[in-house]
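K.L.:
Here it is: the structure, laid out below.
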Amino acid sequence: MSMQGARFTPLARLLHWLMAAMILIMLFVGIGMVSSTTERYRYLVALHRPLGILILILAVVRLTNRVLNPPPPLPASLPKVQQMAATVSHLLLYALMFIMPLLGWAMLSAAPYPIDLFGTLELPAILSPDAALYAKLRALHTDFALLFYAVILVHLGAALTHSWIRRDGVFRSMAGGRRSPTP
Ligand code: HEM
Ligand code: HEM
């Protein structure tokens, strides 16, 4: 069966681009935060916490929408190894959308630091205080952030290869257009 014209649903596309922007902001805010020694640290961390939790909530909505509306299959012309690479990298991206916010929440719980969101809204601790565990989770938050950067770079490279070189409609299935016939 031809898959031409297949696209992600409007909600999937909206969430993809919205969350891509949010995640990139989070990665750069994170780096900016830990390299600030002034008041700026406080402002950035006050933005980092709620934005990270919002990513966690949207990740749940996105995964649910994906289960209910399976994405369009990749073109049959795409080599098997690239299809597998796409599956593995997408799995990793989904996993990181959950792991990063949960690690942030868990590490602040173990510290124990208050997990303030907006105004008086505060999240409950999900771990009991444990300084050694905090240190481990804090290091993991950095390690997984680096992995996130790396996978996003690979993903960006693949997306642009589909758009500029293969021109197989994969990019347009997420950008909003229709998949055009494979030449
Ligand atoms: C997609 C979600 C998230 C991403 C991509 C992300 C990314 C980052 C990055 C890149 C850093 C800097 C790491 C370093 O250079 O050592 C960082 C630090 C930090 N993150 Fe996140 N983060 C996320 C979610 C969260 C959440 C939900 C919380 C808390 C509720 C949180 C709390 C923190 C804190 C407190 C620090 C800095 C701690 C310090 O000053 O030592 N993060 N994050
Ligand atoms: C920055 C963070 C980003 C994240 C976390 C992310 C995550 C994802 C995930 C998880 C999928 C699989 C969708 C699914 O199967 O439900 C996907 C698909 C896609 N993404 Fe991204 N993305 C990001 C940025 C980008 C950027 C910057 C581009 C383009 C320049 C892009 C282009 C695409 C395209 C074309 C697809 C469709 C692939 C297919 O048909 O299988 N993404 N993205």
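The values are calculated or read from the model by the stated rules, or taken from the named source; none is laboratory data. The structure presented is a predicted model; accordingly, all values stated were derived computationally and were not measured. Note that each Cβ is placed from the backbone with ideal geometry, even for glycine, and that neighbours are counted across all protein chains shown.
K.L.:
Inspect all residues belonging to the stretch 96-112 and state whether any of them is more than 16 Å from ligand 1 (Cβ to nearest atom) and either of a type in the set (S, T, N, Q) or surrounded by fewer than 17 Cβ atoms within 10 Å (Cβ to Cβ) (or both).
P.N.:
The answer is no; no qualifying residue exists.
K.L.:
Kindly provide the set of residues from the stretch 126-170 that are acidic (Asp, Glu) and part of a helix (DSSP H, G or I), ordered by number.
P.N.:
Asp143, the sole residue that qualifies.
K.L.:
Within 16 Å of ligand 2 (Cβ to nearest atom) and without any contact (Cβ under 8 Å) to a residue 40 or more places away in the chain: does that describe Leu140?
P.N.:
For Leu140, the condition - within 16 Å of ligand 2 (Cβ to nearest atom) and without any contact (Cβ under 8 Å) to a residue 40 or more places away in the chain - is not met.
K.L.:
Scan the stretch 123-137 and report the pairs whose first residue is of a type outside the set (A, V, I, L, M, F, W, C) and whose second residue is surrounded by 13 or more Cβ atoms within 10 Å (Cβ to Cβ) and assigned to a strand (DSSP E or B), with Cβ atoms within less than 8 Å and a gap of 6+ or a chain change.
P.N.:
As it stands, the answer is Pro124/Ile115, since those pairs meet every condition given.
K.L.:
So, in the stretch 1-55, of the ones that are touching a Ser or Thr at 6+ places or on another chain (Cβ under 8 Å) and farther than 20 Å from Met100 by Cβ, which residue ends up modelled with the highest pLDDT?
P.N.:
Quick first cut of the stretch 1-55, residues touching a Ser or Thr at 6+ places or on another chain (Cβ under 8 Å) only: 4, 6-8, 44.
From what is left, the residues that are farther than 20 Å from Met100 by Cβ are 4, 6-8.
Working: Gln4: 49, Ala6: 84, Arg7: 90, Phe8: 94.
Within the stretch 1-55, the match that is modelled with the highest pLDDT is Phe8.
K.L.:
Further question: Could you please tell me which pairs satisfy a Cβ distance under 8 Å, a separation of 6+ or placement on different chains, a first residue in the stretch 90-115 that is within 17 Å of Leu133 (Cβ to Cβ), and a second residue that is basic (Lys, Arg) and surrounded by fewer than 18 Cβ atoms within 10 Å (Cβ to Cβ)?
P.N.:
Met107/Arg138
K.L.:
Out of the stretch 145-165, which residues are more than 8 Å from ligand 2 (Cβ to nearest atom) and free of Cβ contacts under 8 Å to residues at least 24 places away in the same chain?
P.N.:
Selection gives Leu146, Ala150, Leu153, Gly157, Thr161, Trp164, Ile165.
K.L.:
I would also like to ask the following. On the basis of being touching a Gly at 6+ places or on another chain (Cβ under 7 Å) and surrounded by 12 or more Cβ atoms within 10 Å (Cβ to Cβ), does Ala125 make the cut?
P.N.:
Judged against the criteria, Ala125 is not a match.
K.L.:
Looking only at residues that are closer than 21 Å to Thr9 by Cα and small (Gly, Ala, Ser) in the stretch 62-94, which one is farthest from ligand 1 (Cβ to nearest atom)?
P.N.:
Ala76
K.L.:
Any residue that is β-branched (Val, Ile, Thr), part of a helix (DSSP H, G or I) and under 16 Å from His155 (Cα atoms) - is there at least one of those in the stretch 31-48?
P.N.:
No: the stretch 31-48 contains no residue that is β-branched (Val, Ile, Thr), part of a helix (DSSP H, G or I) and under 16 Å from His155 (Cα atoms).
K.L.:
In the stretch 33-59, what residues are surrounded by 14 or more Cβ atoms within 10 Å (Cβ to Cβ), away from ligand 2 (no atom under 13 Å from the Cβ) and among the small types (Gly, Ala, Ser)?
P.N.:
Ser36, Ala46, Gly52, listed by residue number.
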